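The structure under discussion appears below in the form of structure tokens.
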Amino acid sequence: MSVTQSQTITSASRDAPLPAQNLRQYEFENLVPYVHPPETKEDLPWSELVTLDLSDFDRPGGKERLAKQLEHAVHHVGFFYVKNYGLTQEQVDRQFTLAKNFFALPVEEKALSEVDYGNADYNGWRRSGRRQLQQNVKDNIEMYNFAKFTKDFEGKYRHPDLIKSHLPEIEVFAKALHSNVILPLLRLFAIVLKLPDEEYLVKQHTYEKRSEDHFRYMIYHQRTPEEHEASGYGQTTGHTDLGTVTLLFRQPVAGLQILGEDGKWTYVSAQPGTITVNLADTVSHITGGYLKSSVHRVVAPPTDQWDYDRTGLLYFARPHSDTILVPIEDSPVLKEAGVKSRFDKPISMGEWVKAKQTLQLNPEITAKKYAESGDGTVEVIGGFRDRKYA
Ligand SMILES: O=C(O)CCC(=O)C(=O)O
Ligand SMILES: [Fe+2]
């Protein structure tokens, strides 16, 4: 299929066209280009987040400046932006385009790469409609997760031809996120924690060693006004992510909200050229809760964005699967804060992932457990309980 005879002209294609040179390339590859939807004109309560300029990292005093900027964000907010992360806008746009074209494939083709839900294996295609949001309304979210491009996963997953033929550039992109964003951030966290070894966290996140990192294409299909109403204007309930940090590429369709310390939800805005970063459970576990795994959710977009699908690119970083999730011992910051382990026995990352993903991938079992506990919490593993948020 060519761009000119494109299947459905999505509402997004009303936007400014891509440069002719990119369009020709996409046409050559039979890809329908993705164009970012326009931002909302609504005046929403936006979150105020700091932006780290990662190009400062290697300048004299740069790391220390960035770490200073992060101190408050990582302890109290759990969210921030990064910019200048060494990938071009064109590389980013290509990934959005691949995501858009992947989700447009027939269900039968995607189903050949479907996630192994029972075994809590996240990689591959996750279909929409497996979660009941309200009576009569199910979720409208599809995902495609890529495992790390390492020997551990080589040949393990079957990809549709569209993905297979672009796998080398997807690999370059995912690896760049790990080396250009994840590793520098881990060094900054080490500085914030005043660890004697700045590489401490990096050593728990080497690319070649086994871990459950994944790069994700995601789409929230547009809904009708009736569906929005029936779903209570929600998309996902409040949650914390289970890994180290999550990267979320600039998302113009509003909806992602952060739960603040004041108990109020605010929206993450789409800052040009940025990636939104949120801290997740594991980095919280190894700091006894000092680094904040932020609660967030996705709600229905404002009405002026109801005509658009919400396509996302995300990267989920996680420590090596054999990492034991106990608080780091030689951090004067953690010592002073008097943090304690959040588990009642030693728990490895592999065990934590399996336990939390089993809950996430099997919504009916999880709903039953919440109903049984009756106090809005459920044990994930080792005495650590997750809470249910709206
Ligand atoms: O789509 C978003 O904006 C956030 C998604 C998210 O919270 C998640 O996948 O864990
Ligand atoms: Fe999340």
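So, in the range 207-220, of the ones that are more than 12 Å from ligand 1 (Cβ to nearest atom) and surrounded by 15 or more Cβ atoms within 10 Å (Cβ to Cβ), which residue ends up nearest to Phe146 (Cα to Cα)?
Phe215
For the range 224-263, name all the residues that are more than 10 Å from ligand 1 (Cβ to nearest atom) and farther than 25 Å from Asp386 by Cβ.
The answer is Thr224, Pro225, Glu226, Glu227, His228, Glu229, Ala230, Arg250, Pro252.
Quick check, is Leu87 under 30 Å from Asp304 (Cβ atoms) and at pLDDT 95 or above?
Criteria met by Leu87.
Any chance you could count how many residues in the range 299-328 are assigned to a helix (DSSP H, G or I) and within 12 Å of ligand 1 (Cβ to nearest atom)?
0
Given the residues Ala190, Ala176, which is the only one that is within 30 Å of Asn140 (Cα to Cα), away from ligand 2 (no atom under 16 Å from the Cβ) and at pLDDT 95 or above?
From the options Ala190, Ala176, the qualifying one is Ala176.
Within the range 312-323, take every residue that is buried (at least 16 other Cβ atoms within 10 Å of the Cβ) and more than 22 Å from Phe96 (Cα to Cα) and give me the one that is nearest to ligand 2 (Cβ to nearest atom).
Arg318
When Thr303 is evaluated against the numbered criteria (1) surrounded by fewer than 19 Cβ atoms within 10 Å (Cβ to Cβ); (2) over 30 Å from Ala104 (Cβ atoms); (3) touching a helix residue (DSSP H, G or I) at 6+ places or on another chain (Cβ under 9 Å), which criterion, by number, is the only one it fails?
(2)
Six or more apart or on different chains, Cβ atoms under 7 Å: show the pairs whose first residue is in the range 218-237 and on the phi > 0 side of the Ramachandran plot and whose second is small (Gly, Ala, Ser).
These pairs meet every condition: Tyr233/Ala300.
From the set of residues in the range 296-311 that are within 14 Å of ligand 2 (Cβ to nearest atom) and of a type in the set (A, V, I, L, M, F, W, C), which is nearest to the chain's Cα centre (by Cα)?
Result: Val298.
Here's a check for you: in the range 217-257, which residue that is among the charged types (D, E, K, R) and assigned to a loop (DSSP other than H, G, I, E, B) is nearest to ligand 2 (Cβ to nearest atom)?
By that ranking, first place goes to Asp241.
Give the range 270-298 a look and list any residue that's among the small types (Gly, Ala, Ser) and either outside any loop (DSSP other than H, G, I, E, B) or within 12 Å of ligand 1 (Cβ to nearest atom) (or both), or say none.
Ala270, Ala280, Ser284, Ser293, Ser294
Under 26 Å from Ser128 (Cα atoms), among the charged types (D, E, K, R) and touching a Ser or Thr at 6+ places or on another chain (Cβ under 6 Å): which single residue out of Arg310, Arg297 fits that description?
Answer to the check: Arg297.
If Ile365 satisfies every condition in (1) in contact with a strand residue (DSSP E or B) (Cβ under 9 Å, 6 or more places away or on another chain); (2) of a type outside the set (Ser, Thr, Tyr); (3) away from ligand 1 (no atom under 16 Å from the Cβ) but one, which is the exception?
Of (1) in contact with a strand residue (DSSP E or B) (Cβ under 9 Å, 6 or more places away or on another chain); (2) of a type outside the set (Ser, Thr, Tyr); (3) away from ligand 1 (no atom under 16 Å from the Cβ), only one is false for Ile365: (1).
In the range 165-216, which residues are aromatic (Phe, Trp, Tyr) and part of a helix (DSSP H, G or I)?
Phe173, Phe189 - these are the residues of the range 165-216 that are aromatic (Phe, Trp, Tyr) and part of a helix (DSSP H, G or I).
Suppose we keep only residues that are surrounded by fewer than 17 Cβ atoms within 10 Å (Cβ to Cβ), away from ligand 1 (no atom under 16 Å from the Cβ) and of a type in the set (Gly, Ala, Ser) within the range 115-162. Which one would you say is farthest from Glu229 (Cα to Cα)?
This residue is Gly155.
Answer yes or no: is there a residue in the range 265-283 that is away from ligand 2 (no atom under 16 Å from the Cβ), among the charged types (D, E, K, R) and in contact (Cβ under 8 Å) with a residue 12 or more places away in the chain.
no
Only one of (1) away from ligand 2 (no atom under 16 Å from the Cβ); (2) more than 15 Å from the chain's Cα centre (by Cα) is not met by Lys292, so which one is it?
(1)
Collect the residues in the range 99-117 that are among the charged types (D, E, K, R) and either part of a helix (DSSP H, G or I) or farther than 23 Å from Leu359 by Cα (or both), keeping them in residue-number order.
Of everything in the range 99-117, those that are among the charged types (D, E, K, R) and either part of a helix (DSSP H, G or I) or farther than 23 Å from Leu359 by Cα (or both) turn out to be Lys100, Glu108, Glu109, Lys110.
I need the full set of residues from the range 70-97 which are in a strand (DSSP E or B) and touching a His at 6+ places or on another chain (Cβ under 8 Å), in order please.
Correct list: Phe79 only.
The values are calculated or read from the model by the stated rules, or taken from the named source; none is laboratory data. Treat the numbers as computed from the prediction; the structure is a model and nothing was measured. Cβ: placed from backbone, ideal geometry, glycine included. Neighbour counts: every protein chain shown.
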